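The values are calculated or read from the model by the stated rules, or taken from the named source; none is laboratory data. Bear in mind that the values here come from a model prediction, so they are computed numbers and not experimental data. When we count neighbours, we look across all protein chains shown, and the Cβ atoms used for this are built from the backbone with ideal geometry, even at glycine. Keep in mind that these areas ignore ligands, DNA and RNA; they rest on the heavy atoms of the full protein, side chains included. Shrake-Rupley method; radii C 1.70, N 1.55, O 1.52, S 1.80 Å.
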Amino acid sequence: MSGSIDDVRALETTWTTGRIIEKELPTPSTVRLRMHVEDRHRHRPGQHYLIRLRAPDDYTAQRSYSIASDEDDPLVEFLVERLPDGEVSEFLSDVAEVGDVLEMRGPIGRWFTWDTTTPALCLVGGTGVVPAVAMARTARRLDRGSLLRVVATARSPRELPYAEELARAGATLAWTRTDTDQRPAGPPTADELAPLLVGAEVVFVCGSARFAAYAEDLLLGCGVAPGAIRVERFGPTG
Ligand SMILES: Cc1cc2nc3c(=O)[nH]c(=O)nc-3n(C[C@H](O)[C@H](O)[C@H](O)COP(=O)(O)OP(=O)(O)OC[C@H]3O[C@@H](n4cnc5c(N)ncnc54)[C@H](O)[C@@H]3O)c2cc1C
C-alpha cells in the first residue's frame, strides 16, 4: 500500500478472505477482532466490510462491520457487539477463534467517509463509535486532530467501546445513566454540541436507529444544514 489517502478511489470490491490474528472480549458483550485481509485495498475512515459466514451445506449469512483501524495498521480491526441470538455476531463472539479464515468483502462505502481535510464532527452512540475511532486514529497519524471532534455517548463508560482511547484523544463523552463530576447523566445536549459545531462542515452520526433519530433532531435543532449530516444506522442488514 502506498500513496496518500487521497488516492483512495471508488473501487469494485470482490470477495476475499481474512484470517483472525487477534481476538479479545473487551466487555462481556463485545468482541474485538484484528484480521489479516488477503489482497487488501486501502480504506478511508468510515468504511466497512461485509463478513460472510458459510455453513457446511453452503447456507450463508453476511453482515456489515465498520473498520476501527487506521489504514496504516497492518491488520484490519473490527468491534462487534454480541446480540442475543444474533446469527453472525454470536458466532464471531463465541465460536470464531484465532487462525480462523472468514470470507470478507470491502472496503465499502463512499458517502460515510471522512476525507481527512474537511473539519468534521462525529456524534456517535454505543457500537456506533467504531467508525469514529477509525477517523480519530487517522487524524492522530496525520496530526489533523484539530479537524475532527468526537462526541460519543453510551449508558456508562463500561458500555462505550474505546472510551479511554477517545478520552485521550479529547473526545466529549456523555453517559446517559451515569453522573460524573463533569456532567449529570443524560444524552448530549444542544449546549454541549454548539461550541463543537463551530467550523464543522460535515457531521457523521452513527449508532442504532433510535440514537440516529435523536442525534439528527439535535443537530437540526442546533441549526446544522440537513445536507451536512451523514447518518449510518447499525440496524439489521440481512
Ligand atoms: C454499515 C454498517 C456497519 C455496521 N458496523 C457494525 C459494527 O462495527 N459493529 C457492530 O457490532 N455492528 C455493526 N453493524 C450491525 C451488523 O451489521 C449486524 O446487523 C449486527 O451484528 C447483528 O447481526 P447478527 O447476525 O448478529 O444479528 P441478526 O441475526 O441479524 O439479528 C438478531 C436480532 O437482533 C436484531 N438486530 C440486528 N441488528 C441489530 C443491531 N445492530 N442492533 C440491535 N439489534 C439488532 C434483529 O432484528 C434480530 O431481532 C453495522 C451495520 C451496518 C449497516
Note to self: with every protein chain in place and a 1.4 Å probe, the chain gives an accessible area per residue in Å² of 49
Scalar couplings 3J(HN,Hα) for the stretch 24-29 by Karplus 6.51 cos²θ - 1.76 cosθ + 1.60 (θ = phi - 60°), nearest whole Hz, x for Gly and Pro, are 9, 10, x, 9, x, 10
Shape call for the stretch 11-94, from the Cα gyration tensor axes a ≥ b ≥ c (a/c under 1.5 means rounded, otherwise prolate when a/b beats b/c, else oblate), comes out oblate
Interchain or sequence-distant (5+) residues whose placed amide H lies within less than 5 Å of the amide H of Arg44 are none
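Going through the stretch 137-203, which GluC sites (Glu not before Pro) have at most 15 other Cβ atoms within 10 Å and a DSSP loop state? Don't jump to the answer; show the numbers that get you there.
Numbers: sites: Glu159, Glu164, Glu165, Glu192, Glu201; in loops: Glu201.
Filter output for the stretch 137-203: Glu201.
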Diffusion coefficient in µm²/s returned for the stretch 113-234 by Stokes-Einstein, Kirkwood Rh over C-alpha pairs, 37 °C and 0.692 mPa s, is 232
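Evaluate the relative contact order of the chain (contact order divided by residue number), counting alpha-carbon pairs under 8 angstrom at least 6 apart; express in whole percent.
Numbers: 483 pairs, mean separation 43.9, N = 238.
Reported relative contact order: 18 percent.
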To the nearest 10 degrees, the tilt of helix 209-221 (Cα long axis) against the first principal axis of the alpha carbons of the chain is 30
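Within the chain, what whole-number % of the accessible surface is contributed by carbon and sulfur, with the 1.4 Å probe and all protein chains included in the calculation? Walk me through the intermediate numbers first.
On the way: 5840 of 11710 Å².
Its accessible area is 50 percent carbon and sulfur atoms.
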